[in-house]
Amino acid sequence: MARSQALGLMSVEAVHFYVKTLDRARAFWVDKMDLTWIGQTTEAWEAKAGERSIALRAGNATYLCTEALQPRSAAGRFLNHHPDGVGELIYRVEDVERTFKTLNERGAAILNNIETHTSEDGTLRRFSIATPFGDVLFTFQQRDGFREIAPGIAHFEAPKGGTNRYGFAEVDHITSNFMTLKPMLLWAKDVMGFEEYWGIEFHTEDVSPERETGSGLKSVVVWDPHSGIKFANNEPKKPFFDRSQIYTFIEDNHGPGVQHTALTVRDIMDVVPMMRENGVPFMPTPGSYYEMLPARLAESAIVIDETMPELAKREVLVDGEGPGKYMLQIFCKDFGNIFQSPDAGPFFLEIIQRKGDRGFGGGNFRALFESIEREQQATGRI
């Protein structure tokens, strides 16, 4: 059995945020992103756990948001050290006992024995491990007829709020930032059984000792071939290490953590204007990007359906692997910027449409990096 297959990952069941206030989180996810509010913790669970959660869904993408009611709750401990951000990634697995045994044999830092939760619908069995992703936990769960997303969260009889008018389908990948990648990559391979999928490194300018400007990154994507789950992971690149926007994220987040998640859509050209009209702000793309884009696409023999004026008007990015394979992307502004509050955190969302391309796009990777850096310069953060 392959190393990744032995773990038995099936999917990312939920991305779990810890937030200062659920009202702010709900306003973004439901009112602006149009996710459906499908459930909330029961009063009994809130009294027991000392925290309150809501569950939100669009397609196969599920996000949990949790606020602390007690400082010693999981949410309270996380938020004592960090702004709003991802504190847990929840995975569905084929056989939780096999996952537990495999991770234990590989030396994972297991935080609890397998817990069993029951409901009228069935059984949920789960456990968590510590990770190199700062204070982000990985939780693995096996459900046998158990309907709820997580323990204590009851489904509403009739979902509230959004209708997923943008057509979000699933979480395409998760991206995290680190001061150094080596420990995370060793852990991802040795403990999780992940394999390297893609990588890039660059610097934004030619740097000389006389001109102390520019910054860069190194990124390595790892994946679980069995399930297709992908993680992109970044570290700042010398020289001027501390001027990198990766470094700035880590400062703003008070440690390494999840920078963004990517949501897939069927037609990004239709979706972006709708999102803008509904108050979702995006990172800007300079006009020069579209001046250089035709030559870059021609070099890889990529023919696209969209026109340059259409792309430039929406500020959508394009990249590809080769003939007949490309993707379209755009990145929302980070939560701290959207809510004009540092405690909202540096996390942001990516919207992506894949048209045959399964990679990450070196050209777009650099364009995103430079776009974030321009935004941080405009707000005085670097």
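Read-outs: derived from the displayed coordinates by stated rules, not from any lab. Everything numeric in this text was worked out from a predicted model, so none of it was measured. All Cβ positions, glycine included, derive from the backbone under ideal geometry; neighbour counts span all protein chains shown.
Amide H neighbours of PHE202 under 5 Å, counting only residues 5+ apart in sequence or on other chains, H built in-plane at 1.01 Å?
Excluding prolines and chain starts, which carry no amide H, the hits are LEU217.
Pull up all non-local amide H partners of GLY134: gap of 5 or more, or a different chain, and H-to-H distance under 5 Å with H placed in the peptide plane.
Residues meeting the amide H criterion: none.
Kirkwood hydrodynamic radius of the chain from all distinct Cα pairs, in Å?
Numbers: mean 1/r = 0.0463 Å⁻¹.
Over the chain, the inverse of the mean reciprocal pair distance is 21.6 Å.
Taking a ≥ b ≥ c as the square roots of the Cα gyration tensor eigenvalues, with a/c under 1.5 meaning rounded and otherwise prolate when a/b beats b/c, else oblate, which class fits region 1-65? Show your work: numbers first, answer last.
Working: a/c = 2.78, a/b = 1.56, b/c = 1.78.
Oblate, since a/c reaches 1.5 and b/c is not below a/b.
Summing -39500 (n - 2.57) over the DSSP H runs of n ≥ 4 in the chain and dividing by its residue number, what mean residue ellipticity at 222 nm do you reach, to the nearest 500 deg cm²/dmol?
Details: 12 runs with 104 residues, N = 382.
One gets -7500 deg cm²/dmol as the mean residue ellipticity at 222 nm.
Roughly how many debye, to the nearest 20, is the charge dipole of region 1-156 about its Cα centre, given +1 on each Lys and Arg Cβ, -1 on each Asp and Glu Cβ, and no other charges?
Numbers: 18 positive and 20 negative charges, 66 e Å.
Its charge dipole is roughly 320 debye.
Return a whole-number percent for the relative contact order of the chain, with Cα pairs under 8 Å and 6 or more residues apart as the contact set.
Numbers: 840 pairs, mean separation 61.2, N = 382.
Here the relative contact order equals 16 percent.
For region 101-146, state which GluC sites (Glu not before Pro) are in a DSSP loop and have at most 10 other beta carbons lying within 10 Å of their beta carbon. Numbers along the way, then the final one.
Details: sites: GLU105, GLU115, GLU120; in loops: GLU120.
Sparse-neighbourhood loop GluC sites (Glu not before Pro): GLU120.
With an 8 Å Cα cut-off and a minimum separation of 6 or more residues, compute the relative contact order for region 171-378 in percent. Write down the numbers at each step before the final one.
Working: 376 pairs, mean separation 43.1, N = 208.
Rounded, it is 21 percent for region 171-378.
In whole percent, what relative contact order does region 3-161 give with Cα contacts below 8 Å and a gap of six or more residues?
Numbers: 333 pairs, mean separation 45.3, N = 159.
Taking the mean separation of contacting Cα pairs over the length of region 3-161, I get 28 percent.
Determine the alpha carbon to alpha carbon distance for each of LYS230/LYS325; LYS237/LYS313; LYS20/LYS237 and list only those over 29 Å. Present the calculation step by step, with values, prior to reporting the outcome.
Numbers: LYS230/LYS325 19 Å; LYS237/LYS313 32 Å; LYS20/LYS237 32 Å.
With Cα atoms farther than 29 Å apart: LYS237/LYS313; LYS20/LYS237.
How would you rank LEU56, LEU317, LEU185, LEU69, going from fewest to most other Cβ atoms within 10 Å of each one's own Cβ? Don't skip to the answer; put the middle values down first.
On the way: LEU56 29, LEU317 26, LEU185 18, LEU69 15.
Listed from fewest to most nearby Cβ atoms, that is LEU69, LEU185, LEU317, LEU56.
Which of GLY167, GLN329, ASN234 sits closest to the plus end of the dipole of the chain, meaning its Cα is farthest towards the positive end, when Lys and Arg get +1 and Asp and Glu get -1 on the C-beta?
ASN234
Hey, can you grab everything whose amide H is under 5 Å from the amide H of GLY39? Only 5+ residues off in sequence or another chain; H modelled, so Pro and N-termini drop out.
Result for GLY39 returns ALA55, PHE156.
Considering region 3-161, what Rg and Dmax in Å follow from its alpha-carbon atoms?
15.4, 45
Putting +1 on Lys and Arg Cβ atoms and -1 on Asp and Glu Cβ atoms, find which of ALA154, ALA49, VAL220 reaches farthest to the positive end of the dipole of the chain.
ALA49
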